[in-house]
Amino acid sequence: MTIFFTYTVLGLVLGAVYGIAASGLVLTYNTSGVFNFAHGAEAMLGAFVYWQLRFGWHWPAPVALVVTLGLVAPLMGALLYLLVIRGLRNTAEVTKIVVTVAIMLGMVALSQWLWNPNQPHTVDQFFGYASSFKVFGVSITTHEVITLVIAVLIAVGMRLLFHRTRVGVAMRAVVDDPDLLQLNGHNPQRLSLISWVLGAGLAVLAGVLVSPISGGTLDANVLTLLVIDAFAAAMFGRLRSIPRTFVGSIVLGLAATYVLAYFPSTWSWTSNFRISLPMIVLFAVLIILPQDRLQAAATRTRERYRVPSVRKALAGGVALVVVVFLLRLLMVDADIIVLALGMCFALMALSLTLLTGYAGQMNLAVCSFAAIATLVAYHAGVSGTGVGARITEWGVLLAVAVTAVIGAIVALPALRMRGLYLALGTMAFGVFVSDMVLADISPHVLPLLHIKFSLFTQGTLIIPAMRIGPLDLSDHTTFLMSVTVVFALLGIGLVALRNSSYGRRIAALKDSPVAAAMLGQNLVRLKLSVFMLSAAIAGLGGIFMAASVGAVTADNFSIFLSLALVMLTVSAGIGYVTGALLGGIMAGVGFSIVISSFNNLAHGGGGLSGLWSTLAHVSALLPALVGVTIGQSPSGFLHELFLGYRRMAQHARGLLIGAGVADAVLYVLALTKVVDNWWFGFLTYAGIVLLPAIAQGLRPALMTDPPPAPKPDWEAVGVDQPYTDQVRAALDTALALPATPRRTVPVAADPGPAAAPAVAHAVTT
Amino acid sequence: MAPHATVPTVPDGRADLDVPMLELRDVHAAYGPIEVLHGISLRLRAGSVLALLGPNGGGKTTTLKVCSGLLPVSGGELRVAGRRVNGASAAQLTGAGVCSIPEGRGIFANLTVRENLWLAGGDRAGLDRMEEAAYTRFPRLGERRRQLAGTMSGGEQQMLALARALGTDPAVLLLDELSMGLAPLIVAQMYETVAQLAQEGIAVLVAEQFARAVLPIADTAALVLHGQIVRTGTPADIENELSTHYLGG
């Protein structure tokens, strides 16, 4: 019985922390419509700040608490809201998710900069571990009592806030109709600001309370994921109800500790199961909960993507292969390996272009699908031993097929979910794979088969290169060119798919599920097929990635990597194959190259080593900064870049050709070792990014749209003034008709057949 | 944008009947690049009811959005009680006494009747006053004060929306499609309340597709077509012309 009481107390305390964290999450979600993935990171940062004040600088606990909770936390919440979240209205769900994910990754990077993860940061419980009570023969520390009391106070306080104060009632109203709230004389922005401040406070409180309970040593990733467990609790209340959220928290906390107490100790997976329990619960709750019904209105968002033609995609694919081959000529072996790894990640990101960019579905666990494919290829697809071992083409096919099936199995319950729920569901799957499947390290006897087996043997898998027909990919150059060709082929295939009737159907699914259903589309089949296809691509990329790395560990498939991949692909432009290329390369290798080159400079010594290591830390924050900017341009930065180049191709072709020739000369110079590779790379990159801006500066008149023509005097038109094409264009604009092609405008004398129908239409309206 | 015109101020602050409570001077407004109001001019005196009539897509709702501050004016002038209020936010205009009840029930469906009234008070009225005003005029709301507003009938929801105008003592009331989806009897009851409010000195601007419902209580009617006011006149005059314009001339 003592065991029962002990674990009950432990479970209640854990549940209390979950409850505090989850209520903050519910609060911010309800007032801003943004689900804060960075909630766990806020808790983590708060815990570190508290450590710094209390144990780093030895401030008295009350002062440290007041500064952490009263100053740092509100400031963090307010800054987040004012700088980032406020700009997220009218963006797609994926943008909102990506931005908060970016904040989360940025906060983790920041904490690792400020607090070196290689040094231990230990926190003590309030009043120390020794200070405790005896209840029913169970020892319970003062800290745990305080945690329980605070949770109860917060549960009651939130209830009062939402039902007994006008600010709280207004907070509940703001998400339904901010315009109406304004008409009632309230300021929705102020309400959201208050809720983000309160939410940050609750997150930090949870972080400060939980860190001494869960071991006492602060670890940024562990703390962040710990509060992510609170997502499951928040889902109990459908992200709305505070009381149900607290009930869910307690259930979750108790379940987690009872698993530890009562599962047989001979089961090797008990502790893994306990760690992944919240994610299993999250997945289950998502499936069981009644979902919002399909909404009739198509949501209008700010994201825009152009669909390229297959011919353009073909040209792009050929260009990519040629460019990679030319680059390869400049490179030494080590660089080739890095570039190949980047291409592998780009291949994985391609699955997101199809799933999220084309079909509007979400998957936050790309790397987990990659892990599954790798496992299958490792266990069933290798022939030969030692240096001669190769993955066969049949192994690749089998792995891709199994991944597609797993994708379907994950998607099947997820079919009723949309947007945020789908994202959370796939994330739960991803964390589950990391904690259960990839943590299955020590061999155990399989039931029925009686052989010793473990999925992720010894924690490291040696993945050999592939041999596909006569092609042996163990050579670095062959590997790089093969990945590039596979990427190009798949990219062209995806563009062709998008231009086919299937592509139009998944686009319809993205824009308005209701309209697609009313047109007779089978949404289930559509979603399932797109999920399977996407999982298969992720799996293929995963095998290449694993083969490129050689020896993979669970870290190669972590959920943080998946999130970074999604984030960078979205910020590059998820609707484009090029976006996948750029996002994948950035996520896979881009930033680690920058960071490691700064670190090398720092270790090289000299007076600037401090500066270099600071720059290395700043570049660790870069991915997060890239992700946050997406709030400003939700279609991705490639979209803006493409727009600039399209204008240049129309108006400033000479400059474009000149720049191309200049870069070709630079390449030849680099090839003949006259110019350093680094300079070639830097100048080319800078040129590509800055060229539209340069053109804008040189020829502002060409790059901007002509100013709108002066309004005609409507009454005089056709009487004293002739009907010109300008007048027709103005008419069309005034009546919101599709614009006539701009080319016809200067031809004033002869209206031409093209302009005539528009005029006729305008007159009869 | 029009140059800053001289503002007719009232020296002692009393309401001057010659200064209209709400005035639009050549107002233009646009959704993005598409202009939808091409110069609307209206004058609305305290205690009068002006009916904006016209077919779908004519610009009635947009005109009301401009008046309530939800849509910025892109040209011309919006004046409340003689003061130029271009660029004021909806919350600021509400504070200045403009009460706007948008199309399709201006209530929060997930809050109770009481909570709706609480929010409706804004900074202008406390809960007690709002409840008293609402329950006296519409006893049925009193019976349902703890019910979620979204679960009430359409008529009751519209009563709740109108209750905001009853309790907050506004100077200008903007009503959009009050009759939408309601039984004729309820509509008549609603407009009766509106007429009473006008008698108490509130300036009322009503946009209505269903012209017969509002014309009996209107002092003036204006016909809005293609983002412009094509005719202004007495209700009787406009009623005769309506069918021609609705069916397309």
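The values are calculated or read from the model by the stated rules, or taken from the named source; none is laboratory data. It should be emphasised that the depicted structure is a prediction, and the values quoted were computed from it without experimental measurement. No Cβ is skipped: glycine too gets one built from the backbone with ideal geometry, and neighbour counts run over all protein chains shown. The accessibility values were calculated without ligands, DNA or RNA, using every heavy atom of the protein model including side chains. Shrake-Rupley method; radii C 1.70, N 1.55, O 1.52, S 1.80 Å.
Remarks
- Checked against (1) closer than 18 Å to residue B:204 by Cβ; (2) within 14 Å of another protein chain (Cβ to nearest Cβ); (3) touching a Phe, Trp or Tyr at 6+ places or on another chain (Cβ under 8 Å), residue B:170 passes all but condition (3).
- Within segment A:612-701, helices (runs of 4 or more DSSP H) holding 1 or more residues that are among the basic types (Lys, Arg): A:637-651, A:653-671
- Filter result for residue A:471 (open to solvent by 60 Å² or more (accessible area, probe 1.4 Å), touching a helix residue (DSSP H, G or I) at 6+ places or on another chain (Cβ under 9 Å) and not basic (Lys, Arg)): yes
- Residue check for residue A:251: outside any loop (DSSP other than H, G, I, E, B), among the aliphatic types (A, V, I, L, M) and either in contact with an Asp or Glu (Cβ under 9 Å, 6 or more places away or on another chain) or within 14 Å of chain B (Cβ to nearest Cβ) (or both): no
- Residue check: residue B:70 meets all listed conditions (1) more than 9 Å from every other protein chain (Cβ to nearest Cβ); (2) surrounded by fewer than 21 Cβ atoms within 10 Å (Cβ to Cβ) but one, namely (1).
- Condition met for residue B:140 (within 11 Å of another protein chain (Cβ to nearest Cβ) and either β-branched (Val, Ile, Thr) or not in a strand (DSSP E or B) (or both)): no
- Among the residues making up segment A:187-220, a single one is under 15 Å from residue A:45 (Cβ atoms) and open to solvent by 50 Å² or more (accessible area, probe 1.4 Å): A:219.
- Screening residue A:331 with (1) touching a residue at least 12 places away in the same chain (Cβ under 8 Å); (2) closer than 18 Å to residue A:578 by Cα; (3) open to solvent by 40 Å² or more (accessible area, probe 1.4 Å) gives one miss only, at (2).
- Residue B:147 at the interface with chain A (Cβ under 10 Å from one of its Cβ atoms), open to solvent by 10 Å² or more (accessible area, probe 1.4 Å) and over 13 Å from the mean Cα position of the chain (by Cα): no
- Index of the failed condition, residue B:104 passing every other in (1) under 16 Å from residue B:161 (Cβ atoms); (2) within 12 Å of chain A (Cβ to nearest Cβ); (3) in contact with a strand residue (DSSP E or B) (Cβ under 7 Å, 6 or more places away or on another chain): (3)
- Pairing residues of segment B:121-148 that are touching a residue at least 24 places away in the same chain (Cβ under 8 Å) with residues that are among the basic types (Lys, Arg), at Cβ distances under 6 Å and at least 6 apart in sequence or on separate chains, gives B:145/B:114.
- Condition broken by residue B:107, with the remaining ones in (1) touching a residue at least 24 places away in the same chain (Cβ under 8 Å); (2) over 18 Å from the mean Cα position of the chain (by Cα) satisfied: (2)
- Selected residue (criterion: most open to solvent (accessible area, probe 1.4 Å)) from residues of segment B:75-98 that are facing chain A (nearest Cβ under 8 Å) and among the hydrophobic types (A, V, I, L, M, F, W, C): B:91
- Residues satisfying the stated conditions in segment B:196-249, i.e. out of contact with any helix residue (DSSP H, G or I) (no Cβ under 9 Å at 6 or more places or on another chain), closer than 16 Å to residue B:49 by Cβ and open to solvent by 10 Å² or more (accessible area, probe 1.4 Å): B:199, B:200, B:201, B:234, B:237
- The helices (runs of 4 or more DSSP H) falling completely within segment A:97-203 that include 3 or more residues that are within 30 Å of residue A:52 (Cα to Cα), in contact with a Gly (Cβ under 9 Å, 6 or more places away or on another chain) and away from every other protein chain (no Cβ under 14 Å) map to A:142-164.
- Of the residues making up segment B:123-137, those that are within 12 Å of chain A (Cβ to nearest Cβ) and not aliphatic (A, V, I, L, M) are B:123, B:124, B:126.
- Residue in segment A:349-357 that is of a type outside the set (Val, Ile, Thr), part of a helix (DSSP H, G or I) and open to solvent by 10 Å² or more (accessible area, probe 1.4 Å) present: no
- The set of residues in segment B:143-178 that are among the aliphatic types (A, V, I, L, M) and not in a helix (DSSP H, G or I) comprises B:148, B:152, B:171, B:172, B:173, B:174, B:175, B:178.
- Residue within segment B:182-192 that is in contact with a strand residue (DSSP E or B) (Cβ under 8 Å, 6 or more places away or on another chain) and open to solvent by less than 20 Å² (accessible area, probe 1.4 Å) present: no
- Matching residues, segment A:390-412, being farther than 16 Å from residue A:524 by Cβ and either open to solvent by less than 10 Å² (accessible area, probe 1.4 Å) or touching an Asp or Glu at 6+ places or on another chain (Cβ under 6 Å) (or both): A:391, A:395, A:399, A:403
- Odd one out for residue B:154 among (1) away from every other protein chain (no Cβ under 12 Å); (2) open to solvent by less than 10 Å² (accessible area, probe 1.4 Å); (3) of a type in the set (Gly, Ala, Ser): (2)
- Residue satisfying all of: in segment B:108-122; open to solvent by less than 20 Å² (accessible area, probe 1.4 Å) and assigned to a loop (DSSP other than H, G, I, E, B); farthest from the other protein chains (Cβ to nearest Cβ) among these: B:121
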